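A.B. asks: Quick one: this structure, given as structure tokens, is what I'll be asking you about.
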Amino acid sequence: MAGLEDLYKEIIIDHYRNPRNRGELDSPPAHKTEGFNPLCGDEVLLTFALKGEIIEELLISGQGCSISQASASMMSAAVQGKSIGEVRDLTRQFKAMMSIHEESIGADDPPPGDGHAFELGDLEALKGVVKFPVRIKCATLSWNTLLTGLDELEV
Amino acid sequence: MSLPSDLKSNFPLLSQTINGHQIVYLDSAASSQKPDVVIEAMNNYYRTINANVHRGAYQIAAEATEAMEQARAKLATFIGAPSANEIVFTKNATESFNLIARSWGGQNLGPNDVVLISDMEHHANIVPWQILSAEKGFELRWIPLTPDGHLDLSQLDRLLNGVKMVSITAMSNVLGTLNPIREIADKAHSVGALMAVDGSQYVPHLPTNVVELGADLLCFTGHKMCGPTGIGVLWGRAEVLDAMPPFLGGGEMILDVRRDGFTPNELPHKFEAGTPPIAEIIGLGAAVDFLSSLGMSDVRQHEIDLTDYALRALTDRYGEEITIHGPSNASERGGVLSIQYRDVHPHDLSQVLDQRGICVRAGHHCAKPLMRELGVGATARASLYVYNDKSDVDALTESLAPAGELFAL
Ligand SMILES: Cc1ncc(COP(=O)(O)O)c(C=O)c1O
């Protein structure tokens, strides 16, 4: 049986209590994208500024449970300064950790990035979420929202 | 009279342990547990009289038809319907509302018309109207709420201007609020509008009489009243149903089909296309027998008592740290407790409770417009039913504090 300690690692609680990069950038010029988890009502609003291909700044607002908020906070720290291609790679890596693999995700999922593999760092702490399948959507909400935002740039 | 104290033993699922704890089931507003008699009735049907209904002349087909029609009659009695022919079986309350919107709405609503609902409706009584409104161009109007979670009826006369249909829940699945359906129905009728009622949270918990309610149409769902999933009811006054065109087309709902058209069947079959969920209908009939044997007045009294106990226990223990949405007086509400505890997110709260075998719902409860009014994204909802007792409430009360320690910001 998976216990609460598998889910609520200290670092997750820390990101939940002290979320990094909270707020909203002025949009425009920043890009803005919104995501919902219809199951539990969590909402995330991302605003991010690009410099060329690089995510220069990304801020998060919205509301949600500890898992969705911690994951968003960790994501915000992880993607700053990365290129769009790198962010796509990191997202794929993160979703793989959440047991969501390329073959099981839809055709509209990310086109291949640059094939980087990253140190997941703090993000590793979210691994325990896999044992609580209903919470996987909480952990991936901000990531999917960012992907949607990036996809919108390309059309 | 009160309910038997060993009622839990009628519900096999409730003898389980979850995560090492005796299960504490507090999510009956989402779906109730099923007593042995319901499970047995469905089992028996499959084991002894499984056959299609209204078709075969052979014995078991006749028995299956008879069992199904008996269930219909039981439901009619249960809600005080003048005739069993007014009971239409659907898949659930959601389908019942879609039937009303498509059939009645499709025939009667146009650009200058208004349908009046409220800010506390379930999506089942919102989205079917929105879908139709996009096609027909009528206005969907909303009765607002008072700060204590009642319908704000102060402007009702003005809101009723131009309204052809009023469709309101008899009891909120989030706030527990019991609404003055009769009063609203009388006003609706005075402007020539029909009154549809969402009884999903009402029929399972209170004595129901459609005539006294003043309703023209009533939707409810079997799985919240000790019955199986996959079976719901639309009750309508015969006159109203008769005037409505068919919803789904196919077998069973016709008297005749020719190359150039069809003749619809009589009520209630006109609205029951295809092979019905026979076992589920029989199961729902058994659920109605079960609830009737308890007595719906006693069911209601049990829930008032237990809701009162829960409201006191939670507020005595947690005071300012807890918000329970909706009316604070148990006699004005049902046993649905939407809780905000400190700043613990409902999802996290329910996860901690789950570790203790306590089942509560976290989310928007299919009432997003209401969530926006309340200014929250989600609530944790504990809901009570016939089998719950003080020990279930105590388990909930005890378990909030540990969740607070983990998550309070
Ligand atoms: C007030 C209310 N209306 C409608 C429904 C819809 O019921 P069902 O999902 O069985 O159609 C529910 C239950 O979810 C409810 O609580």
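Derivation of every value follows stated rules applied to the coordinates shown; laboratory data play no part. Remember, predicted model here, so these are calculated numbers, not experimental data. All Cβ positions, glycine included, derive from the backbone under ideal geometry; neighbour counts span all protein chains shown.
A.B. asks: Restricting to Cα pairs below 8 Å that are 6+ residues apart, what does the relative contact order work out to for region B:96-139? Please round to a whole percent.
C.D. replies: It comes to 57 percent, rounded to a whole number.
A.B. asks: For region A:15-87, which GluC sites (Glu not before Pro) are in a loop by DSSP, counting at most 13 other Cβ atoms within 10 Å?
C.D. replies: Here the sparse-neighbourhood loop sites are A:53.
A.B. asks: How much length would be gained if the chain were fully extended between residue B:275 and residue B:146, taking 0.36 nm per residue of separation minus their Cα-Cα distance, in nm to one decimal?
C.D. replies: Working it through step by step, the gained length comes to 42.0 nm.
A.B. asks: How much FRET efficiency would the formula 1/(1 + (r/R0)^6) give for residue B:308 and residue B:156, where r is the Cβ-Cβ distance and R0 is 35 Å, rounded to 0.05?
C.D. replies: That pair, residue B:308 with residue B:156, gives E of 0.75.
A.B. asks: Please compute the net charge surrounding residue A:30, taking Lys and Arg as +1 and Asp and Glu as -1 over other residues with Cβ under 15 Å from its Cβ.
C.D. replies: Summing Lys and Arg as +1 and Asp and Glu as -1 gives -3.
A.B. asks: Using the Karplus curve 6.51 cos²θ - 1.76 cosθ + 1.60 with θ = phi - 60°, what ³J(HN,Hα) values do you get for each residue of region B:249-264, in whole Hz, with x for Gly and Pro?
C.D. replies: For region B:249-264, the Karplus-derived couplings read x, x, x, 6, 8, 10, 9, 8, 10, 10, 4, 9, x, 9, 10, x Hz, x marking Gly and Pro.
A.B. asks: Next question. Roughly what % of DSSP beta bridges within the protein assembly as shown run antiparallel, to the nearest 5?
C.D. replies: 70
A.B. asks: Net charge near residue B:144: determine it from the other residues with C-beta under 15 Å of the C-beta of residue B:144, scoring Lys and Arg +1 and Asp and Glu -1.
C.D. replies: For residues surrounding residue B:144, the net value is -3.
A.B. asks: Report, by chain and number, residues whose modeled amide H sits under 5 Å from the one on residue B:118, excluding near sequence neighbours (fewer than 5 apart, same chain).
C.D. replies: Amide H neighbours of residue B:118: B:143.
A.B. asks: Distance in nm between label sites at residue B:50 and residue A:34, each 7 Å beyond Cα in the beta-carbon direction?
C.D. replies: Here the answer is 4.9 nm between the modelled labels.
A.B. asks: How far is it, in nm, from the label point at residue B:108 to the one at residue A:27 when both lie 7 Å from their Cα along the line to the Cβ?
C.D. replies: Roughly 4.3 nm, to one decimal.
A.B. asks: Mean-square fluctuation check for chain B, GNM, Cα pairs under 10 Å: which of B:358, B:281, B:322 is largest?
C.D. replies: Judging by the Gaussian network model, the answer is B:322.
A.B. asks: Further, regarding this structure: Rounded to a whole number, what is D in µm²/s for region B:171-255 from Stokes-Einstein with the Kirkwood radius over alpha-carbon pairs (20 °C, 1.002 mPa s)?
C.D. replies: Value of D from the Cα-based Kirkwood radius: 149 µm²/s.
A.B. asks: With a cut-off of 8 Å between alpha carbons and a minimum separation of six or more residues, what is the relative contact order of region A:4-154 in percent?
C.D. replies: 28
A.B. asks: Hey, got the Cα dimensions of chain B along the principal axes, in Å, largest first?
C.D. replies: 71, 55, 36
A.B. asks: If you don't mind, another one. Under the definition of Cα pairs under 8 Å and six or more residues apart, what whole-number percent is the relative contact order of chain B?
C.D. replies: 22 percent.
A.B. asks: Tell me, what HN-Hα J-couplings in whole Hz come from the Karplus equation 6.51 cos²θ - 1.76 cosθ + 1.60 at θ = phi - 60° for each residue of region B:150-157, using x for Gly and Pro?
C.D. replies: Ordered by residue, 3J(HN,Hα) equals 9, 5, 8, 9, 4, 9, 4, 4 Hz.
A.B. asks: In nm, to one decimal, how far is the modelled label at residue B:57 from the one at residue B:239, with both set 7 Å along Cα→Cβ?
C.D. replies: Simple spin-label model gives 4.0 nm for this pair.
A.B. asks: Only Lys, Arg, Asp and Glu count, each charged at its Cβ (+1, +1, -1, -1), so figure out the dipole size of region A:4-154 about its Cα centre, rounded to 20 debye.
C.D. replies: Dipole size: approximately 440 debye.
A.B. asks: Right, another one. Express in % the proportion of alpha carbon pairs of chain A at distances exceeding 23 Å.
C.D. replies: 31
A.B. asks: Hey, with R₀ at 56 Å, roughly what FRET efficiency would residue B:258 and residue A:14 work out to, going by the Cβ-Cβ distance, to 0.05?
C.D. replies: Calculated transfer efficiency: 0.15.
A.B. asks: Extension gain residue B:73-residue B:389, at 0.36 nm per residue separation less the Cα-Cα distance, in nm?
C.D. replies: Residue separation times 0.36 nm, minus the Cα-Cα distance, leaves 110.6 nm.
A.B. asks: What residues qualify as long-range amide H neighbours of residue A:62, i.e. H under 5 Å apart, gap of 5 or more or another chain, H built at 1.01 Å from N?
C.D. replies: For residue A:62, the qualifying residues are A:45.
A.B. asks: Let me ask something additional. Run the helix sum for chain B: -39,500 (n - 2.57) per DSSP H stretch of 4+ residues, divided by residue count, reported at 222 nm to the nearest 500 deg cm²/dmol.
C.D. replies: Taken over chain B, the calculation gives -11000 deg cm²/dmol.
A.B. asks: While we're here: Principal axes first, then extents: for the Cα atoms of the protein assembly as shown, list largest minus smallest coordinate on each axis, whole Å, largest first.
C.D. replies: For the protein assembly as shown, the Cα extents along the three principal axes come out at 72, 59, 54 Å.
A.B. asks: What net charge do the residues around residue B:391 carry, taking every other residue with its C-beta under 12 Å from that of residue B:391, with Lys and Arg at +1 and Asp and Glu at -1?
C.D. replies: For residues surrounding residue B:391, the net value is -2.
A.B. asks: Under the rule of at least 5 residues apart or a separate chain, name every residue whose amide H is placed under 5 Å from the amide H of residue B:194.
C.D. replies: Residues meeting the amide H criterion: B:165, B:166.
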